[in-house]
Structure formats: C-alpha cells, structure tokens
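Encoded as structure tokens, the structure appears first; notes follow it.
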Amino acid sequence: MEKEKIFVVQPFLPPLEEYETYLKEIWNNKILTNQGPLHNKFAEVLKSSINAEDITLFCNGHLALECALKALDLKSGCEIITTPFTFVSTTHAISNCGYKPVFCDIKLDDYTIDEEKIECLINENTVAIMPVHVYGYPCEVKKINALAKKYNLKVIYDAAHAFGVKVDNESILNYGDISMISFHATKLFHTIEGGMLVHNSDLKNKLDTLKNFGIVDKDDIVEQGINAKMNEFQAAMGLANMPYLNNIIARRKEITEKYRALLKIDGIKLVHEKNNIQYNYAYFPILIDEKKYGITRDELYDILMKNNIFSRKYFYPLTSDAVCYKKNDKNNLNNAKYVADRILTLPLYPNMSDENIKKICEIIINRGENE
Ligand SMILES: *Cc1c(COP(=O)(O)O)cnc(C)c1O
C-alpha cells in the first residue's frame, strides 16, 4: 500500500449537496458572473461578519491588491515600504502598479514588519506602507497608523492570511486605508480562487469600476481598469463554506495546541501568543536554531519529505532575493534573512488526524533517527 502523503494544507470542502443547492440557484438565475445575486449575497454576509464600512469582492487576492493600489491614486513611480518576508504577490503588486518596493526588516518575535524601522526608510518619494499580517499575526497597526498620519502616507495591509483575526475584539481588517484578503483554495477560508478588499465607502464605486474594465455604464469608461470580478461559482463556494468557518478555526486551534504541547524542544522556537488577539491558526511556523537543535531547517525539511510529510519553507526565499527585486535590496534585512533561512511551516488543516500530528512531532523530536 502506498504510504499516505501529508501536505502542508488540504483545501476545505463543504458537503457536496450544500454546494449543489447554490448551483441550482445559478442554473435558475442564469447569471454566472458580473455582480450576480450570489456575489451580492456573499458580499453582504462578509460585510456584516467583519463589521466593515464596506467591502469589494475580486476573482483573486492578487488582483484585489493591484486594484487597491490603483484606487488610491498615489503619485506614480514613488516608493512603497513593505516586508520581504511574504508571498511574492505583495511585492509584485507594488511593482506591477509602477511603484518601487522598499524593503523593511521584520521582528524576530512574530515575523511582521518592524514598525520601529519604518521611519528611517521614509523620504519625499514615499507614498505608502504595505505591511503583511504574515501567518495571520497582526502587525502593530496603531504604531503604523501613527506613522502614516505623521507623514501623510496610505496604508494597505496584505491581510491574505488574516481572515477571522481580531485584536481587542475588533477585526484586524478594519485597520489601514485598505486590507486585502485572499480566498485562495489553500487559505483557511476559500472561494476556490477569490479575494476581498475591506475599505471605506468612498472607495466603493472606484473599486467596483476598476475590477470591471473601468466601465461605469454603457456610455462611460472612466478608469484604466482590469477584469477582476468574482463569479457566481466562487461566491457559491464562499456561501457554502461560511457556516463552517467557526468549526474550521476551532479545529485549527486544537491542532495548534497539540503541536505546541508536543514540540517543547530545545532549538525549536514557536511564536508566543498574545492575550488580546483572537488568532485564526492559519499556519504553524517553527523556527529551527540549528546550533541548539542539531540539524538545519533544510535537513529537517528533507527528513520530513522522506516520511511523506510535505512541510513548506514559507517564506523562503525573501522577495528581496528574487532576481527581479535584488537591485532594491539595499537595507539591513538581517532578521528577515535569519528567519527565511530557518523557518518551516508544518501541515495544518481541519481534517488532519491526531495520529498524524503525533507522527510529525515524533519525527521532529527524533531528528529522523530510528525510522
Ligand atoms: C495568497 C497570498 C496572496 C495572493 O492571493 P491570491 O488569492 O492567491 O491571488 C497575496 N499575499 C499573500 C501574503 C498571500 O499568502
């Protein structure tokens, strides 16, 4: 028998008949895309669940991020301060929209942008800050907001990982000028592919126009827009998944706690959880200090793979080390480099069995010996 393969994620799927109920609605409506009834219903559900002033849905998170940048009308060619410790989408969005990504170092305690190191990167060409709530760990939103106010900068959060995260009982998505969520199949809550921007109502018309080729009505094209609309099948998946969100997060929490209890090992560093934050347990990153643990991250990654366990080196390489952005990398990124070389995210999804969690931890504890 082939050994079971354990991947870093397994997409959540709702019961098929529940998805089919929505498919029947699509067949009845004969509307497949362009702000259809399911799209609008899903948007309402999301807006009230986040308690947001307004939201806009997109076909994916990346194009949502590009539309966010276009909607803010920032001076072209200027600089945006961001983190290199992220999925490359963040940096590509800045660059594709004609801005220069300026990389800021991260903190060692939760891997988010170091808010104390942002100010020295601000100059007369800086127009915005694009931090990432990486792994769903919230950035220091209040300090970043104060900096943005002081220098008149926009703040766009790449909140791709942060669906369901709250700080002091308030959704993390309500901070900054705009926050972007990804509903990609590998994310904790998904619409197959999909994305959302959370923003003030004054941006609503502009974002709706931008995602539909810049067309406002049959006579008027007002923006240099793109096609980034969420279709009805995506909205149907979102609606079908929504009732399971709390259970998904609860099971992820349980798995995270089991990992934490089993992985009390010298040389394996876990992120310390804070009391005022409601986490979504989107990822389980471990940091390997090879001097104390005995073997390197890459060696552990290979050992796990030999055992059919496919962890991921999220986020390695740094986007500042991508060939296309290397020329931008002039700042001190020591923490980001240190973390990118040592981080490993372990498998985590609601369907994971307790035996598999134990098995993974045993391999990590034994460093692959006595297999
Ligand atoms: C997934 C992800 C994106 C892009 O979202 P898509 O929906 O896949 O386009 C952007 N930023 C980060 C940090 C991500 O993890």
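Please tell me which of these pairs span more than 22 angstrom C-alpha to C-alpha: Lys3/Lys359; Lys187/Lys229; Lys166/Lys337; Lys75/Lys204?
Check vs 22 Å cut-off fails for Lys166/Lys337.
Database remark: amide H of Tyr111 closer than 5 angstrom to no amide H (H placed geometrically; neighbours at sequence offset of 5 or more, or on other chains; Pro and chain starts carry no H). When the GluC sites (Glu not before Pro) in the range 94-149 are filtered for DSSP coil states and for at most 15 other beta-carbon atoms within 10 Å of their beta-carbon, the remaining sites are Glu124. Taking amide H positions as modeled 1.01 Å from N, with prolines and chain starts lacking one, the residues under 5 Å from Phe310 and 5 or more places away or on another chain are Ile6, Phe7, Val8. Contact order, relative form, for the range 199-322: 13 percent (alpha carbon pairs under 8 Å, 6 or more residues apart, mean separation divided by residue count).
Label separation (Asn276 vs Asn125): 3.6 nm, computed from points 7 Å beyond Cα along the C-beta direction. A simple spin-label model places the labels of Leu23 and Glu257 3.7 nm from each other, with each point 7 Å out along Cα-to-Cβ.
Across the range 246-254, rounded Karplus estimates of 3J(HN,Hα) from the backbone phi angles (6.51 cos²θ - 1.76 cosθ + 1.60, θ = phi - 60°) give 5, 5, 4, 5, 5, 5, 4, 5, 4 Hz, Gly and Pro being marked x. Stokes-Einstein at 25 °C, 0.890 mPa s, Kirkwood radius from Cα pairs: D for the range 35-165 in µm² s⁻¹? Translational diffusion coefficient: 158 µm²/s. Summary of the geometry: the range 157-190 and the range 44-75, compared by the centres of their Cα atoms, lie 11 Å apart.
Considering only His272, His190, His161, the Gaussian network model of the chain with Cα springs below 10 Å gives its largest mean-square fluctuation to His272. Beta bridges assigned by DSSP with both partners in the chain are antiparallel in approximately 60 percent of cases. Using the 1.4 Å probe convention, the accessible area of the chain works out to 46 Å² per residue with neighbouring protein chains retained. Residue-wise HN-Hα couplings along the range 300-313, as the Karplus relation 6.51 cos²θ - 1.76 cosθ + 1.60 with θ = phi - 60° gives them from phi, are 5, 4, 5, 4, 4, 5, 4, 9, 6, 10, 9, 6, 10, 8 Hz; Gly and Pro carry x.
A simple spin-label model places pseudo-atoms 7 Å from Cα toward Cβ; at Asp302 and Leu32 they are separated by 4.8 nm. Taking θ as phi - 60° and the Karplus parameters 6.51, -1.76 and 1.60, the scalar couplings of the range 97-111 work out to 7, x, 10, 9, x, 10, 8, 10, 6, 10, 9, 7, 7, 9, 6 Hz in sequence order, x denoting glycine and proline.
Extension gain, Lys326-Tyr338: 0.36 nm per intervening residue step, less the Cα-Cα distance, totals 2.6 nm. Summing charges over all other residues whose Cβ lies under 11 Å from the Cβ of Lys100, with Lys and Arg as +1 and Asp and Glu as -1, gives 0. So what is log10(I(q)/I(0)) for the range 99-140 at q = 0.16, 0.20, 0.26, 0.28 1/Å, when the Debye sum runs over its Cα atoms only? Here the Debye-derived log intensity ratios amount to -0.41, -0.62, -0.95, -1.05. Rounded to the nearest percent, how much of the accessible area of the range 222-305 (1.4 Å probe, protein heavy atoms only) is carbon and sulfur? After summing per-atom areas, the C and S share lands at 49 percent.
The values are calculated or read from the model by the stated rules, or taken from the named source; none is laboratory data. Being a predicted model, the structure only gives us computed values, none of them experimental. Here Cβ is always computed from backbone atoms with ideal geometry, including for glycine, and neighbour counts include all displayed protein chains. Accessible surface areas use protein heavy atoms only, side chains included; no ligands, DNA or RNA. Shrake-Rupley method; radii C 1.70, N 1.55, O 1.52, S 1.80 Å.
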